[in-house]
Amino acid sequence: MKTRGKPSAPRARKRTGSPLGSLVLRNLGRGLAKKTRSRGDSLKRPIGQSPWSGFFANSRLSPPRVPVPPKTLPATVPAAAPPSSVPFTLPPVVAEPLAASAGSLLVHDLLSARADLRQHIEAFLLDQRSEHTRRAYGKDLKRFVKYLHLRAMEKGRDEPLTRSVVIAYKDFLLGEKLQHTSIDRHLATLRSFFQWLVDDGVLDRSPAQGVRFLNPRKLSATVGLSDDEVRKILQQPDLHTRSGAQHYAILMLLFFCGLRRSELCSIRTRQLQVERGIPVLRLRGKGNAERLIAVPEAAWNAIRYSAHIARRDLSRDQWLFTPLKNPRGGGLDRALDPSGIFYLVRRYAKLAGIQSRISPHSCRATAISNARDRHVPDRAIQEFAGWASPDMITRYDKRRTAAERSASRAIDYGSSDRVRAEKKSQFSEMEADTTEQPTALASSPETLTS
């Protein structure tokens, strides 16, 4: 007879709590582990290593790195500029003997970035007055160095940096299907940079000298708007909400003051002033040039209404337009991102039923075209837009290219449309035949006898 043993204690459960709580804790642990791994990976990078050098070190185009003995390094290494002032960091200093003669450079010199050349590049970028210009020049120089890496694999690193290299770079950009205006901007960056090296005595002659620009003469792709389309767009924002009131004020400044995106986002309340009873806006545009724009009454009322809805004091110095929600920069007390202005204009243009590709630059071109239609003098339009040359007025006047305003529609030499006259005569003959046919049938003898 079997004897039953003492019943064992119940097995302890491995998981406690509800299944939902376990799932949340498990996902949270995975997120923390992933975050820890990413932090660990970033800490593995040596202190002071440049992202620029990492870009080429991880690229398939980069040549193998050759270790340099410590004794060949310079005694003092100049400190790099702060990241906020220079749009990119240069490769680490590598002191190698130069094979180029005085007053010339090799491809190797730009790829390795000697200490003296590094200082010239940083000074060139820091000399630009606008932060947007520094960023654009930095991107253009980075793309040129990337092309030199491609060329060095085929031609070698000891190739002299001559005009033929710059011309080959222009053909390379054409092969990349870039717009002609973009290619001319890249060439202008190189011309300015090499001229800087000539002025500093590094080069005797600029390699970009004599390289022809493409100078495209085609019409701009920026689309202008008619007065009716502008009214439809301005009817879309909901003025009973904070976001709608702010969006309406932004659209009013774009269409009535012709501002650029960067100028609109950088406005502070102290720039809004009243002179001789007229509201004005003091701006600093391209080239750090200051200009004064009179704010129309409709736009001024939109600004005051937006501040009233948001309960903001315009007398206190602050950003005029700030994010209302979902901040990407980690706070609401900051300027708007220029990319948000683009999506704002596209959104309300779509709501208004406009299918064309509209951008904030379209609003600026529309304001200039409207001012020219109202017979505003070209000098006043030039100051209003902040241009150094009056030639830009014709380029930005989008309504001059409208088909309904074409000069060919006003030309008249009298009765010169032979095709229309021929068709008109044929039509009149056909009408005569149809009117005479019943009379002929009625007077015909065969018809009467039958």
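The values are calculated or read from the model by the stated rules, or taken from the named source; none is laboratory data. Computed from a predicted structure; not experimentally measured. So basically every Cβ, Gly included, is an ideal-geometry build from the backbone, and we count neighbours across all protein chains shown.
Return the pairs, sorted by first residue and then second, in which the second residue is part of a helix (DSSP H, G or I) and of a type in the set (Val, Ile, Thr), the first residue lies in region 162-187 and is within 16 Å of LYS142 (Cβ to Cβ) and in contact (Cβ under 8 Å) with a residue 24 or more places away in the chain, the beta carbons are less than 9 Å apart, and the residues are 6+ apart or on different chains.
LEU187/VAL166
Just to be sure, is ARG291 modelled with pLDDT under 90, closer than 20 Å to SER130 by Cβ and either surrounded by 12 or more Cβ atoms within 10 Å (Cβ to Cβ) or of a type in the set (Val, Ile, Thr) (or both)?
Here the answer is yes, as ARG291 does meet what is asked.
Is it the case that region 327-334 has a residue that's in contact with a Phe, Trp or Tyr (Cβ under 8 Å, 6 or more places away or on another chain) and under 16 Å from SER262 (Cα atoms)?
yes
List every residue pair whose Cβ atoms lie under 6 Å apart, where the two residues are 6 or more positions apart in sequence or sit on different chains, the first residue falls within region 219-246 and is within 22 Å of THR366 (Cα to Cα) and charged (D, E, K, R), and the second residue, located anywhere, is modelled with pLDDT of 90 or more and assigned to a loop (DSSP other than H, G, I, E, B).
Listed pairs, sorted by first residue: GLU229/ILE354; LYS232/ALA352.
Considering every residue within region 189-199, establish whether at least one is under 21 Å from the mean Cα position of the chain (by Cα), more than 30 Å from GLY353 (Cβ to Cβ) and not small (Gly, Ala, Ser).
Checking region 189-199: at least one residue is under 21 Å from the mean Cα position of the chain (by Cα), more than 30 Å from GLY353 (Cβ to Cβ) and not small (Gly, Ala, Ser).
Return yes or no: is GLU263 surrounded by fewer than 16 Cβ atoms within 10 Å (Cβ to Cβ) and either touching a strand residue (DSSP E or B) at 6+ places or on another chain (Cβ under 9 Å) or over 27 Å from VAL230 (Cβ atoms) (or both)?
So GLU263 does not fit the description; no.
Does SER220 satisfy the criteria of being in contact with a helix residue (DSSP H, G or I) (Cβ under 8 Å, 6 or more places away or on another chain) and modelled with pLDDT under 90?
Taking the combined requirement at face value, the residue satisfies it.
Pairs needed: first member in region 343-356, part of a loop (DSSP other than H, G, I, E, B); second member anywhere, charged (D, E, K, R); C-beta distance under 6 Å; at least 6 residues apart or different chains.
Going by the 6 Å Cβ cut-off, the qualifying pairs are ALA352/LYS232; ILE354/GLU229.
Could you check region 195-274 for helices (runs of 4 or more DSSP H) lying wholly inside it with 1 or more residues that are of a type in the set (Phe, Trp, Tyr) and out of contact with any Phe, Trp or Tyr (no Cβ under 7 Å at 6 or more places or on another chain)?
Per the criteria, 242-257.
Return yes when THR394 is hydroxyl-bearing (Ser, Thr, Tyr) and either at pLDDT 70 or above or not in a helix (DSSP H, G or I) (or both) and no when it is not.
no
Could you please tell me which pairs satisfy a Cβ distance under 6 Å, a separation of 6+ or placement on different chains, a first residue in region 284-312 that is closer than 20 Å to SER266 by Cα, and a second residue that is exposed (fewer than 15 other Cβ atoms within 10 Å of the Cβ) and modelled with pLDDT under 90?
Short answer, once both residue conditions are applied: ARG284/GLU290; ASN288/ARG129.
One line per residue, one yes/no per condition, for (1) surrounded by 15 or more Cβ atoms within 10 Å (Cβ to Cβ); (2) over 15 Å from LEU106 (Cα atoms); (3) in contact with a strand residue (DSSP E or B) (Cβ under 8 Å, 6 or more places away or on another chain):
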| site | (1), (2), (3) |
| --- | --- |
| ALA152 | yes, no, no |
| GLY156 | no, no, no |
| ILE167 | yes, yes, no |
| GLY175 | no, yes, no |
| PHE193 | yes, yes, no |
| TRP196 | yes, yes, no |
